[in-house]
Protein chains: 2
Amino acid sequence: MLEFDKLSLNIPATTKKRVVIIGGGFGGLNVALNLDSRDFQVVMFDKQNYHAFWPLLYQVATAGLEPDSIAEPLRKVFTDQDDFHFRLVRVTGVDSAAKTVKTLIGDLSYDYLVVATGSKSNFFGNAQVQKYAFPLKQMTDALNLRSQLLQCFEQASITKDPEIRQSLLNFVIVGGGPTGVEMAGSIAEMRKHVLPNDYPGLDFSKMNIYLVEGLDRVLPPMDPESSKAAHTYLDELGVEVKLKTLVDTYDGQTVILKSGEQIRSQTLIWAAGVTGALIDGIPAESVERGRVLVDQFNQIQGLTDVFAIGDLAYMKGGDPDFPNGHPGVAQPAIQQGERLAKNLGQLVRNREMEPFRYFNKGNLAIVGRNRAVADLPRNLHLKGFLAWATWLFVHIFYLIGFRNKLVVLSNWIYRFFTYQRGTRLIIRPFVRKEDVQAQEFLVKNEMV
Amino acid sequence: MLEFDKLSLNIPATTKKRVVIIGGGFGGLNVALNLDSRDFQVVMFDKQNYHAFWPLLYQVATAGLEPDSIAEPLRKVFTDQDDFHFRLVRVTGVDSAAKTVKTLIGDLSYDYLVVATGSKSNFFGNAQVQKYAFPLKQMTDALNLRSQLLQCFEQASITKDPEIRQSLLNFVIVGGGPTGVEMAGSIAEMRKHVLPNDYPGLDFSKMNIYLVEGLDRVLPPMDPESSKAAHTYLDELGVEVKLKTLVDTYDGQTVILKSGEQIRSQTLIWAAGVTGALIDGIPAESVERGRVLVDQFNQIQGLTDVFAIGDLAYMKGGDPDFPNGHPGVAQPAIQQGERLAKNLGQLVRNREMEPFRYFNKGNLAIVGRNRAVADLPRNLHLKGFLAWATWLFVHIFYLIGFRNKLVVLSNWIYRFFTYQRGTRLIIRPFVRKEDVQAQEFLVKNEMV
């Protein structure tokens with residue numbers, strides 16, 4: 001038995017400055033990759049042993065890709081980097097006075113601490129929804145969702161109760177941001193190309209996909225023109241978009257909207273928002289809107305040598321072009337990581353740090369085949385095939401690892417010509433305690 | 001909530017003969033594919049929604065392939081087949097007198113029943129071992145094992161207790177058949193090429209791979225020359241082979257061999273044997289050595305119109321060349337399935353059935369790169385590169401689905417040149433209740 005008190009971080013002592021990075025996402029990865037090992041010993045903590053390309057997570061959830069296509073083992077990423085130390089362990093907090101970071105298995109002193117823990121699903125305190133909704137934030141979420149989607153159709157084909165069948169064929173996606181739009185579009189394309197062949201016994205004219213958004217348009221962060229185009233694409237694919245609509249509650253069976261409208265559904269997908277994944281030891285006054293207030297060097301307000309980057313960071317007023325902080329997407333995290341690495345290099349040479357300035361390369365969202373929208377610099381807006389091609393290119397380009405690029409590309413080419421989804425596999429147990437139905441199904445089927 | 005009493009199989013009535021097939025493995029798949037839909041309505045039951053190419057399962061367990069590479073959704077396989085009906089449901093038994101098959105959600109009458117439920121791990125009644133060992137029989141087993149293997153190295157890097165570290169670096173594989181040999185070889189190649197780069201802090205000269213076999217040679221079903229070659233390859237790769245050795249017990253921490261020798265190990269992989277996956281309603285007198293006695297038409301002894309094929313079937317004395325039945329591998333299942341489909345076609349025309357004759361295309365086992373053995377017809381034996389190339393070709397050739405061939409091939413090519421393993425991902429929860437250590441690790445790390 002592995003007792004936790006018999007564990008220790010086993011980080012070698014060093015005469016260099018030690019940078020501890022919490023999280024191997026877009027932010028943390030790019031700090032580590034850009035630090036000079038002659039100046040720094042780099043220690044990275046993460047609860048996962050891989051870096052994942054989250055923008056493609058929805059394709060794992062909709063049977064388009066396997067996890068390995070969008071994930072790269074962190075140890076592999078840093079194989080050739082000297083004096084880099086990865087530890088698969090959870091950080092419990094930070095003691096900025098003692099300049100130590102606390103983990104489950106012991107503390108570690110740092111010279112510089114980078115908190116890049118990213119964000120987590122935000123249910124805005126709605127415990128009911130949190131209990132029964134399917135989030136889409138982690139790899140297991142996506143795999144769980146993949147099994148759930150397919151299981152709904154399997155179960156719809158063996159039920160005699162039309163009400164239950166309908167609830168299995170109703171899919172409610174909450175949140176009209178990129179994730180929600182891409183999820184809705186992807187499920188709609190499965191209905192168009194894959195499902196009728198897989199389930200000839202089911203009447204797919206009865207399958208409904210609802211996209212619920214609180215504001216008055218989909219893709220709120222994007223240009224109104226792009227929102228309009230995306231909305232049109234969703235209409236074309238038969239997604240029922242409900243704007244200015246909020247979810248009141250969900251018991252796993254019936255979604256009740258604030259409007260009072262009820263939708264019977266076994267599957268509520270939650271893409272309605274995120275909040276920073278905070279850690280203990282960050283002063284309360286440095287937290288605003290669930291994110292950590294940082295100055296223009298990403299230094300956490302009120303702390304020295306402690307930095308926050310990416311989704312977690314809220315650079316309020318620091319970046320002239322983005323007075324209300326940066327969008328919670330990959331690019332700001334990547335750019336902040338690169339900038340911070342350079343700035344730490346400046347610090348050890350007692351040189352001035354450079355303030356972070358976000359260069360917005362643009363925003364993309366895909367709805368389906370030949371249907372995408374892009375807001376690019378110089379107020380350039382693309383839609384349709386051009387935006388779609390741009391989306392594909394950009395996502396392959398930013399994907400980490402040659403093999404991943406290869407596998408994703410071949411999967412996409414295959415899918416483009418065959419309209420197929422390769423990974424329509426129900427592989428359990430990937431099921432939440434609350435998901436009683438799935439549990440019962442699994443147990444009775446001896447699938448667990 | 002989906003209540004089971006509200007479910008029904010929803011199989012349309014038919015004037016044709018109805019063939020019910022239990023199991024979508026090699027046997028069941030090849031019966032269904034070869035039945036003429038003008039003569040038969042085909043109903044297939046399985047607890048999984050995919051057909052898996054089990055000979056490559058060990059590569060999923062050793063981070064070489066993702067499940068989608070070796071699995072094909074059953075509904076996709078039969079997309080173009082008329083009057084074919086798949087149901088994801090567990091069969092609970094058969095009433096051969098009433099000619100009905102019982103499932104969780106109702107009974108279904110059949111004209112012909114094909115039991116192709118395959119086999120399951122056989123722990124020979126050793127409950128202790130069954131509780132703590134890692135089987136390698138299903139997709140979830142492989143994924144669970146993949147996480148376990150990687151987690152052992154992660155935990156070995158953070159333990160200060162040398163005894164525990166050693167137990168994390170000791171891997172015991174029980175069973176010297178193809179699965180055991182391929183597992184041992186695959187782990188040994190990871191130690192050679194992948195792990196030292198991933199875990200620079202660990203001393204891999206201390207990592208031990210034990211292959212425990214009860215008989216006096218590895219690959220007992222193969223030619224003694226092949227066994228000898230395989231043994232040499234295992235030695236070359238540093239696998240410690242223990243012949244004429246049996247496991248007494250295992251408590252999750254220490255493997256105790258019948259010889260009294262003890263090996264501290266967190267990972268005991270069970271590949272020591274299988275037994276038929278029987279279903280209720282098959283008369284006890286028709287079961288021998290855990291398999292179902294069938295005549296030379298694969299008809300179950302004592303039952304009419306009920307057939308058993310593949311791992312489950314024991315054609316005792318039926319096949320002159322194989323008086324003691326057929327090996328529990330893919331080929332007999334495939335050939336019996338094809339033969340049975342033809343014979344059912346004969347039956348509906350009141351023609352004579354043809355007895356099954358197994359054509360042994362040969363046996364293959366791979367130990368590692370350029371290291372494999374092959375027993376081919378005409379007493380031809382290959383080893384080394386030739387056998388290895390044959391193995392690769394045969395496995396790609398028999399893999400179902402163009403996409404799978406493509407993905408597996410590109411993964412193998414990539415691996416051949418880079419010595420990498422693409423899917424070194426710890427993705428939980430895929431953990432058994434008994435695996436307290438993993439559970440604790442997951443919970444404390446908030447990975448569940």
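The combined condition, being over 19 Å from B:Pro135 (Cβ atoms), crowded, with 18+ Cβ neighbours inside 10 Å and within 14 Å of chain A (Cβ to nearest Cβ), is not fulfilled by B:Ile300. The listed residues are B:Asp223, B:Asp319, and the only one of them that is touching a His at 6+ places or on another chain (Cβ under 6 Å) and not hydroxyl-bearing (Ser, Thr, Tyr) turns out to be B:Asp223. Within segment B:387-394, can one find any residue that is open to solvent by 30 Å² or more (accessible area, probe 1.4 Å) and either assigned to a loop (DSSP other than H, G, I, E, B) or at pLDDT below 85 (or both)? No.
Taken together, the residues in segment A:96-129 that are touching a residue at least 24 places away in the same chain (Cβ under 8 Å), open to solvent by 50 Å² or more (accessible area, probe 1.4 Å) and of a type outside the set (A, V, I, L, M, F, W, C) amount to 5.
Among residues of segment B:369-398 that are under 19 Å from B:Leu57 (Cβ atoms), those with a beta-carbon under 8 Å from a residue that is assigned to a helix (DSSP H, G or I) and of a type in the set (Gly, Ala, Ser) at least six positions away or on a different chain give the pairs B:Ala372/B:Gly384; B:Ala372/B:Ala387; B:Tyr398/B:Ala330. The listed residues are A:Ser205, A:Ser227, and the only one of them that is assigned by TED's automatic domain parsing to the domain that holds A:Ile263 and over 25 Å from the mean Cα position of the chain (by Cα) turns out to be A:Ser205. For segment B:221-234, the count of residues that are within 14 Å of another protein chain (Cβ to nearest Cβ), without any contact (Cβ under 8 Å) to a residue 40 or more places away in the chain and not basic (Lys, Arg) is zero. Summed over segment B:83-108, residues that are in contact with a helix residue (DSSP H, G or I) (Cβ under 8 Å, 6 or more places away or on another chain) and more than 7 Å from every other protein chain (Cβ to nearest Cβ) total 2.
Residues in segment B:24-49 that are in contact (Cβ under 8 Å) with a residue 60 or more places away in the chain and open to solvent by 10 Å² or more (accessible area, probe 1.4 Å): B:Gly25, B:Phe26, B:Asn30, B:Leu33, B:Asn34, B:Leu35, B:Asp36, B:Asp39, B:Gln48. For segment B:304-313, the set of residues classified as surrounded by fewer than 23 Cβ atoms within 10 Å (Cβ to Cβ) and either of a type in the set (Val, Ile, Thr) or within 24 Å of the chain's Cα centre (by Cα) (or both) consists of B:Thr304 only. In this structure, does B:Ser147 turn out to be modelled with pLDDT of 95 or more, under 19 Å from the mean Cα position of the chain (by Cα) and part of a helix (DSSP H, G or I)? Judged against the criteria, B:Ser147 is not a match. Here is a check on your reading of the model: is B:Lys342 over 21 Å from B:Leu380 (Cα atoms), in contact (Cβ under 8 Å) with a residue 24 or more places away in the chain and open to solvent by 50 Å² or more (accessible area, probe 1.4 Å)? Here the answer is yes, as B:Lys342 does meet what is asked. Criterion applied to B:Leu202, B:Leu143, B:Leu168, B:Leu150 was being within 12 Å of chain A (Cβ to nearest Cβ), under 19 Å from A:Phe86 (Cβ atoms) and open to solvent by 10 Å² or more (accessible area, probe 1.4 Å), and the one residue passing it is B:Leu202. Return yes when B:Leu136 is more than 20 Å from B:Leu29 (Cβ to Cβ), buried (at least 21 other Cβ atoms within 10 Å of the Cβ) and not hydroxyl-bearing (Ser, Thr, Tyr) and no when it is not. When the stated conditions are applied, B:Leu136 passes them. Residues that are among the aliphatic types (A, V, I, L, M) and more than 14 Å from B:Glu66 (Cα to Cα) were ranked within segment B:400-418; the one that is most open to solvent (accessible area, probe 1.4 Å) is B:Ile413.
Checking each residue in segment B:284-297 for being open to solvent by less than 30 Å² (accessible area, probe 1.4 Å) and within 18 Å of B:Asp95 (Cα to Cα) picks out B:Ser286, B:Val292, B:Leu293, B:Val294. For B:Gly177, the conditions (1) within 10 Å of chain A (Cβ to nearest Cβ); (2) small (Gly, Ala, Ser); (3) closer than 18 Å to B:Leu243 by Cβ all hold with the exception of (1).
Restrict the check to segment B:3-18 and report whether at least one residue is facing chain A (nearest Cβ under 10 Å), open to solvent by less than 40 Å² (accessible area, probe 1.4 Å) and assigned to a helix (DSSP H, G or I). Taking every residue of segment B:3-18 in turn, at least one turns out to be facing chain A (nearest Cβ under 10 Å), open to solvent by less than 40 Å² (accessible area, probe 1.4 Å) and assigned to a helix (DSSP H, G or I). Write out, first by first residue and then by second, each pair whose Cβ atoms fall under 7 Å of each other, whose residues are 6+ apart or on separate chains, and whose first residue, in segment A:345-366, is closer than 16 Å to A:Met222 by Cα and open to solvent by 20 Å² or more (accessible area, probe 1.4 Å) while the second is among the hydrophobic types (A, V, I, L, M, F, W, C) and in a loop (DSSP other than H, G, I, E, B). Once the first residue is closer than 16 Å to A:Met222 by Cα and open to solvent by 20 Å² or more (accessible area, probe 1.4 Å) and sits in segment A:345-366, its partners that are among the hydrophobic types (A, V, I, L, M, F, W, C) and in a loop (DSSP other than H, G, I, E, B) give A:Asn363/A:Met222. Taking A:Leu344 as the residue in question, decide whether it is of a type in the set (A, V, I, L, M), assigned by TED's automatic domain parsing to the domain that holds A:Ile22, at pLDDT 95 or above and not in a strand (DSSP E or B). Here the answer is yes, as A:Leu344 does meet what is asked.
Scanning segment B:252-269 for residues that are in a strand (DSSP E or B) and open to solvent by 20 Å² or more (accessible area, probe 1.4 Å) yields B:Thr254, B:Ile256, B:Gln262, B:Arg264.
Of the residues making up segment B:68-82, one or more are open to solvent by 10 Å² or more (accessible area, probe 1.4 Å) and more than 10 Å from chain A (Cβ to nearest Cβ).
Within the span defined as segment A:52-64, every residue fails to be crowded, with 22+ Cβ neighbours inside 10 Å, over 22 Å from A:Trp270 (Cβ atoms) and not assigned by TED's automatic domain parsing to the domain that holds A:Leu409.
Checking each residue in segment A:178-197 for being free of Cβ contacts under 8 Å to residues at least 60 places away in the same chain and among the polar types (S, T, N, Q) picks out only A:Asn197.
Across segment A:33-63, what is the number of residues that are more than 30 Å from A:Val348 (Cβ to Cβ) and more than 10 Å from every other protein chain (Cβ to nearest Cβ)? Here the count works out to 10.
The values are calculated or read from the model by the stated rules, or taken from the named source; none is laboratory data. In this text the structure is predicted, and so the values were computed from the model without any measurement. A quick note on method: Cβ atoms are made from the backbone with ideal geometry, for glycine too, and the neighbour counts reach across all protein chains shown. When the accessible area is computed, the model is the full protein with side chains, heavy atoms only, and any ligands, DNA or RNA have been set aside. Shrake-Rupley method; radii C 1.70, N 1.55, O 1.52, S 1.80 Å.
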